[in-house]
Amino acid sequence: MVTVMDYETYFENALDGLRAEGRYRVFAELERRAGRFPEALCHGESGRRPVTVWCSNDYLSMGQHPVVIAAMHRALDECGAGAGGTRNIAGTNHHHVMLERELADLHGKEAALLFTSGYVSNWAALGTLASKLPGCIVLSDALNHASMIEGIRHSRAERHIFSHNDPEDLNRKLAALDPDAPKLVAFESVYSMDGDIAPIAELCDVAEAHGAMTYLDEVHAVGLYGPRGGGVAEREGVMDRLTVIEGTLGKAFGVLGGYIAGSGALCDFVRSFASGFIFTTALPPAVAAGAIASIQYLKTSDVERLRQRDRVARVRRRLDSAGIPHLPNPSHIVPVMVGGAVRCKRISDLLMERFAIYVQPINYPTVARGTERLRLTPSPLHSDTDIDHLIAALTEIWTELGLERRAAA
């Protein structure tokens with residue numbers, strides 16, 4: 001007699017385990033309001049109510065910008081809703097081609113290749129490069145994003161993990177490898193949870209000394225750093241030293257999609273061999289048009305970047321004054337450190353229920369156990385009143401829950 005597994009019970013038990021640990025994710029059902037960011041409407045059992053969003057990856061509020069919205073309206077009227085197919089079969093729209101040219105120009109590269117998301121661009125590009133280069137060995141930063149890790153795993157290439165942001169450890173690991181083997185060093189510029197920034201030039205020094213290619217994920221930096229929004233590599237004048245620069249259109253540029261930029265031959269190689277590019281429907285033309293408008297605008301406007309930096313600095317000063325522990329870093333990401341998944345979710349729930357402030361709790365596996373946090377992302381449109389309200393709410397909750405504070409700065 002065949003014993004059939006009780007699948008539903010297994011699913012429920014696994015979910016109950018997440019709930020017991022405080023790691024079960026509950027999505028806030030938000031209705032973004034064009035022109036009113038960071039305000040959104042949150043749908044709940046009692047209807048809709050306005051909340052202030054403090055954890056959006058729309059870092060510069062470009063998803064609300066009139067230039068972007070107007071470009072999308074025009075493309076929607078001209079081209080319709082969808083792309084009509086994969087890029088290989090009827091789905092390459094003029095807007096896709098123009099977007100790839102804008103991205104290549106942004107990063108000072110010969111070419112760029114567009115994907116449906118930043119996750120897919122990492123998975124497809126790293127997976128293709130590492131699997132197709134004979135005997136390729138990948139050196140990956142210990143804190144690389146899941147999309148990079150999955151792409152490297154998918155390639156089945158030999159891989160080695162070097163200590164986070166550590167050129168010396170990278171050098172030791174490269175020195176121990178076959179000097180004639182193809183090698184690829186993969187790392188990020190801004191790490192999204194701690195907000196620290198990689199020593200790009202030093203990592204390039206090591207990679208070049210060992211004849212290795214470099215792959216830089218600038219997802220949390222494009223639009224935000226550099227005189228034209230080309231990322232940390234542009235700010236530091238090292239874009240030309242990187243083999244591949246990968247980025248997203250779904251964060252600071254405010255739309256959707258991912259991409260790589262590199263030599264013409266490399267981008268054509270990935271285009272020709274990456275299943276994640278070949279077998280998926282292309283982005284809607286209106287999305288591509290919105291991305292073009294956003295990139296072009298941020299290539300010339302520094303207003304949003306400067307305003308965001310002011311907001312970030314103000315939030316950090318106010319957190320220090322209130323003694324609320326946060327992780328110092330040189331980026332735009334402000335991690336308020338809590339520790340403990342249950343406690344972190346409790347704070348998030350209280351912020352939403354009592355103060356109409358939405359900040360999603362961040363826990364394992366996104367961050368290590370014991371380092372759970374609230375990840376704040378101040379935008380150019382957060383007002384002084386918004387910041388005062390946030391700090392007052394956190395101060396009240398910290399007192400109510402008896403949480404440890406730092407000495408007020």
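Brief remarks follow.
- Remark: the Cα gyration tensor places the range 1-135 in the oblate category, a/c being 1.5 or greater and a/b not exceeding b/c.
- Derived scalar couplings between HN and Hα for the range 46-51 equal 9, x, 9, 8, x, 9 Hz in order, rounded to whole Hz, by the Karplus curve 6.51 cos²θ - 1.76 cosθ + 1.60 (θ = phi - 60°), x for Gly and Pro.
- Chymotrypsin sites (Phe, Trp or Tyr not before Pro) within the range 1-95: DSSP coil, no more than 14 neighbouring Cβ in 10 Å: TYR24, PHE27
- FRET efficiency, 1/(1 + (r/R0)^6) with R0 45 Å, evaluated for ARG156 and LEU15 via beta carbons: 0.90
- Close amide-amide hydrogen proximity is noted between ILE161 and SER140, each under 5 Å apart and 5 or more residues distant or on a separate chain (H modeled in the peptide plane; Pro and chain starts excluded).
- Built amide H within the under 5 Å cut-off of ILE137, gap 5+: LYS183, LEU184
- Its relative contact order, with pairs defined as Cα atoms under 8 Å and 6+ residues apart, puts the range 137-232 at 26 percent.
- Karplus-derived HN-Hα couplings along the range 222-234 (A = 6.51, B = -1.76, C = 1.60, θ = phi - 60°), whole Hz, x at Gly and Pro: 4, x, 9, 10, x, x, 10, x, x, x, 5, 4, 5
- The simple Förster model, with R0 at 30 Å and r as the Cβ-Cβ distance, assigns ASP178 and GLU110 a FRET efficiency of 0.55.
- Using C-alpha pairs below 8 Å separated by at least 6 residues, the relative contact order for the chain is 21 percent.
- Pair-distance distribution P(r) for the range 313-409, from all Cα-Cα distances in 5 Å bins starting at 0: 3, 13, 25, 28, 21, 9, 1 percent.
- Stretch gain in nm, segment SER46-VAL303, where the contour uses 0.36 nm per residue and the Cα spacing is subtracted: 88.6 nm
- Ordering PRO284, ILE137, LEU351 by Cα displacement along the dipole of the chain toward the positive end leaves LEU351 in first place; charges were set at the Cβ atoms of Lys, Arg (+1) and Asp, Glu (-1).
- For the range 183-322, carbon and sulfur atoms together expose 55% of the accessible surface, with a 1.4 angstrom probe and every protein chain in place.
- A Gaussian network model of the chain, with springs between Cα atoms under 10 Å, assigns the largest mean-square fluctuation among GLY250, GLY258, GLY17 to GLY17.
- Placing a label point 7 Å from the Cα of VAL238 along the Cα-to-Cβ line, the residues of the range 328-363 whose backbone N sits under 17 Å from it are 330-331.
- Only Cα pairs under 8 Å and 6+ residues apart enter the sum, and on that basis the relative contact order of the range 1-146 stands at 8 percent.
- Solvent-accessible area per residue, Å², over the chain with all protein chains present [probe radius 1.4 Å]: 44 Å²
- With 0.36 nm allotted per residue and the present C-alpha distance subtracted, the GLU8-ALA201 stretch has 64.3 nm of extension available.
- Within the chain, longest stretch clear of exposed trypsin sites (Lys or Arg not before Pro) (DSSP loop, no more than 16 other Cβ within 10 Å): 157-368
- Degrees, to the nearest 10: 384-400 long Cα axis against longest axis of the chain: 70 degrees
- The range 338-409 - percent of accessible surface contributed by carbon and sulfur, probe 1.4 Å: 53 percent
- Cα-centre dipole for the chain with unit charges at Cβ (Lys and Arg positive, Asp and Glu negative), debye to 20: 600 debye
- Evaluated with a Cβ-only charge set (Lys, Arg +1; Asp, Glu -1), the range 148-266 carries a dipole of roughly 360 debye about its Cα centre, given to the nearest 20.
- Value at 222 nm in deg cm²/dmol, rounded to 500, when DSSP H runs of n ≥ 4 in the chain each add -39,500 (n - 2.57): -13000 deg cm²/dmol
- Just the protein heavy atoms count here, and of the accessible area of the range 14-110 at 1.4 Å, carbon and sulfur take up 53 percent.
- Of all DSSP beta bridges confined to the chain, the antiparallel ones make up roughly 60%.
- For the range 335-370 versus the range 287-316, the gap between their alpha-carbon centres in whole angstrom: 27 Å
- Comparing ALA313, ALA252, ALA175 in a Gaussian network model of the chain where C-alpha atoms under 10 Å apart are linked, the largest mean-square fluctuation is found at ALA175.
- Set the Cα radius of gyration of the chain against 2.2 N^0.38 Å, with N its number of residues, and you get 1.03.
- Each residue of the range 299-307 is assigned a 3J(HN,Hα), and the resulting list reads 5, 10, 9, 9, 4, 5, 5, 5, 5 Hz, derived from the Karplus form 6.51 cos²θ - 1.76 cosθ + 1.60 (θ = phi - 60°), x at Gly and Pro.
The values are calculated or read from the model by the stated rules, or taken from the named source; none is laboratory data. Keep in mind the model is a prediction, meaning the values are calculated, not measured. Heads up, the Cβs are rebuilt from the backbone with ideal geometry, glycines too, and the neighbour counts pull from every protein chain shown. SASA here: full protein model, heavy atoms, side chains in, ligands and nucleic acids out. Shrake-Rupley method; radii C 1.70, N 1.55, O 1.52, S 1.80 Å.
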